[in-house]
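Okay, so here's the structure we're looking at.
Read-outs: derived from the displayed coordinates by stated rules, not from any lab. Computed from a predicted structure; not experimentally measured. A quick note on method: Cβ atoms are made from the backbone with ideal geometry, for glycine too, and the neighbour counts reach across all protein chains shown.
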Amino acid sequence: MCEECDKSQDGQEQLHRLRHSLAHIMAEAVLELRPNAKLAFGPPVEFGFYYDFDFGGEPLGEADLPEIEKRMELILRKNAPFERGEMPLAEALAWFEERGETYKAEYARELVETGKAGGGSLSFYTSGGFTDMCEGPHLERTGQVPRGCFKLDRISGSYWRGDEKRPMLTRIYALAFASKDELKDYIARRKLAMERDHRKLGDELDLFIQDADVGVGFPLWMPNGTVLRDELEKWAKEEEFLAGFQRVTTPSVARGALYLRSGHLPYYKDSMFPPMLVDENDEYYLRPMNCPHHHKVYAARPRSYRELPLRLAEYGNDFRYEKHGSLSGLLRVRAMTMNDAHIYCTPEQVEEEFHSVIQMYQKYYAHLRLGNFRVRLSLHDPDSDKFVADHEAWDQSETAVRQVLHNLGVAYEEERGEAAFYGPKVDIQIKNLMGREETVSTCQLDFVMAERFDLTYADRDGQRKRPYILHRAPLSTHERMISFLIEFYGGAFPTWMAPVQVRLVPVSADFAPYAAELQERLCGDFFRVETDDSEESFNKKIRNAVTRKIPNVWVVGAKEQEDRTVTWRRYCVKEQVTVAFDKAFDALKDMRAARAMDNFADTALPLG
RNA sequence: GCUGGCGUAGCUCAGUAGGUAGAGCAGCUGACUUGUAAUCAGCAGGUCGGGGGUUCGAUUCCCUUCGCCAGCUCCA
């Protein structure tokens, strides 16, 4: 239950004990308020701990948290020891039955049946008047809990054993750290992080909106946000061109027959919008992904091995009926645009193609300076019916993908049951500000669809053979990628992406003509420039430019006009420099051409 | 979809123990013409998320619905 904690380090070990112990204390306090509540699980987690309860008909609200905290303090003051005990299964079950602890009883049975409970007996910890089945470890005494080191955070729901068909429990989350100061630090950092929430910044910087009449999960991209999409897309198209991809354009709607053939209808119907009935018995669907369309492009002509690898790319619009409660800003939407491509290749080409794709995402991530991700090798689960049954193919393809990661020296974690139904994949997982982890990029090896779509190529020996298919989306969807970029950059984009690349600020109206001349030069070279010709005070103009997080502010006044210079004020950089306009213009062009990440300190001052 | 919480002006928030609401910022108008993060004044802006109920009267109480937030489930 405690995988989240790294037990190898002493401090972590102690923190783990602390959180684990506090979970017991909290349960004891909660039981004082709700004696009939049933206990479920109460493990330590990344920033504290939680405990799940079934309150039956007498739920608890956030208003009750202070009372629980107060009772916890009283319990801690008693300085009771944590004492370990053991019970054989039968005795434990009787003990649970007496107390109506059905969840604990279920888990006890499972522990013994699966052999996880050593010697068939179960360990219990008692502190004061509270006893809980628990593996431990714990502190020695409740008095070892530092004063003020924890805080009950929030209440939410969770399913028993994570299964939506089983009872919904009430989860109380608490923050807990080794000291009061560390707790305060964490709370302060979390508050600061919230300032970078992409939904908040998206609104403040006019990047995107959502409208109830349009529908939830259907973001409307404002002009500023559309610049971000367009710049990413432009970059991707260049990279894909250089990597030998060809672009295709396919519709966002298709007949049901297409998804029956692909297998998406039986597998993913719940995640698709319901069909539109056109004529009799002719159903059309909004597409949840582009793959089947691309397969049809492949299938449209007889293919030769000479054409392979055939790489078809499209920034495709897709629609998924995500559950209402899982929608969140741009992070999880129902309409998205994906940096998609499918690579059709021979078995011999699989590793090299996969290798190149992973290198492409490494290039993107390094350039964008996204470092806070983990690589997941998503494997199938032989015990699940979610995956196509072909053990040999799974074996081969998983081995091939693992080999690619190994050859590239990529650090990764393997996870069972996370594969696509048609093959293994490599996923790039990023956590957002709230700690919610989502897949951004993915690269999948597909050994199924070529068969389903009867895709073939004529090989050197004249035989018709099945290609392998790689599905890849290194830049994810615009929606998800940009949500992470907004938060990671705090809304301060590098010049090449920035919605407004330069704002000209004349010191007074007298210098408007000079500013206009500069603006015309810059716009003529396709720079996104605007001049602040408002009648605000100069200070206010500077403030406005800064709060809009515009990367380059060029101030022009009397001396600039006379010397044909600009005073270049970079976003959040104190030093500024007055340079000849031509020189500044050239520097700007260089930054754009290199897609310089001038929103980072090391490249913040292009002129040294 | 489920559990809990929250919806007052474009934004951030105040307020009403039931008697139809107020500030700052943003916007508009005017004055000021400014050298590095908020010049001053005036004006305008809200069926207090929507619908129903209780009441002489509802933004306030009740029901319902929509939206938002956190978590669970699910997923790019």
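Here are the numbers for the structure shown:
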{"quantity": "For chain A, share of DSSP beta bridges that run antiparallel, in % to the nearest 5", "calculated": "85"}
{"quantity": "Mean Cβ count within 10 Å, highest first, over the residues of peptides A:410-420, A:503-513", "calculated": "A:503-513, A:410-420"}
{"quantity": "Lys/Arg +1, Asp/Glu -1 at C-beta; the range A:463-608 dipole; positive extreme among A:M597, A:V579, A:V507", "calculated": "A:M597"}
{"quantity": "Value in Å of the Kirkwood radius, where the range A:115-239 supplies the Cα pairs that are averaged", "calculated": "20.4"}
{"quantity": "Amide hydrogen neighbours beyond the local backbone of A:H380, cut-off 5 Å, H modeled", "calculated": "A:G417, A:A419"}
{"quantity": "Cβ-placed point charges (K, R +1; D, E -1), dipole of chain A about Cα centre in debye, nearest 20", "calculated": "860"}
{"quantity": "Degrees, to the nearest 10: A:478-489 long Cα axis against longest axis of chain A", "calculated": "90"}
{"quantity": "In sequence order, calculated HN-Hα J values of the range A:437-447 (Karplus, 6.51, -1.76, 1.60; Hz; x Gly/Pro)", "calculated": "9, 9, 6, 9, 8, 8, 9, 10, 10, 10, 10"}
{"quantity": "Volume per residue that the Cα convex hull of chain A spans, once the total is divided by residue count, Å³", "calculated": "217"}
{"quantity": "Nonlocal amide H pairs with A:L504, under 5 Å, H built at 1.01 Å", "calculated": "A:E530, A:T531, A:D532, A:W554"}
{"quantity": "Nearest 10 degrees, 0 to 90: helix A:581-594 Cα axis against chain A principal axis", "calculated": "50"}
{"quantity": "Value of D in µm² per second that Stokes-Einstein yields for the range A:348-408, Kirkwood Rh from Cα pairs, at 4 °C (1.567 mPa s)", "calculated": "97"}
{"quantity": "Residue among A:W221, A:A243, A:L232 farthest towards the positive dipole end of the range A:211-252, charges placed on Cβ", "calculated": "A:A243"}
{"quantity": "Vicinal HN-Hα couplings computed from phi for the range A:26-32 (Karplus, 6.51 cos²θ - 1.76 cosθ + 1.60; Hz; Gly/Pro x)", "calculated": "5, 4, 4, 5, 5, 5, 5"}
{"quantity": "Cα-based shape type of the range A:84-139, given that a ≥ b ≥ c are square roots of the gyration tensor eigenvalues and the cut on a/c is 1.5", "calculated": "oblate"}
{"quantity": "Shape call, the range A:425-520: gyration tensor on alpha carbons, a/c limit 1.5", "calculated": "oblate"}
{"quantity": "Approximate spin-label separation A:K165-A:T226, in nm, with each point projected 7 Å along Cα-to-Cβ", "calculated": "4.7"}
{"quantity": "Ranked packing of A:80-88, A:32-40, A:13-21, most packed first, by mean Cβ within 10 Å", "calculated": "A:13-21, A:32-40, A:80-88"}
{"quantity": "Under-5 Å amide H pairs with A:Y159, H placed in peptide plane, nonlocal only", "calculated": "A:L169"}
{"quantity": "Between helix A:538-547 and chain A: long-axis angle, C-alpha atoms, 0 to 90°, nearest 10", "calculated": "50"}
{"quantity": "Derived scalar couplings ³J(HN,Hα) [the range A:290-298; Karplus, 6.51 cos²θ - 1.76 cosθ + 1.60; whole Hz; x for Gly, Pro]", "calculated": "9, 3, x, 5, 5, 4, 5, 5, 4"}
{"quantity": "The range A:378-478 - Rg and Dmax from Cα coordinates, angstrom", "calculated": "15.4, 56"}
{"quantity": "Rh by Kirkwood over Cα pairs, then Stokes-Einstein D for the range A:320-366 at 1.002 mPa s and 20 °C, µm²/s", "calculated": "158"}
{"quantity": "Equivalent ellipsoid semi-axes, the range A:537-608, via Cα gyration tensor eigenvalues times 5, rooted, Å", "calculated": "19, 17, 9"}
{"quantity": "Protection proxy ranking of A:185-196, A:576-587 - average other beta-carbon atoms within 10 Å, highest first", "calculated": "A:576-587, A:185-196"}
{"quantity": "For the range A:309-441, alpha-carbon Rg over 2.2 N^0.38 Å", "calculated": "1.12"}
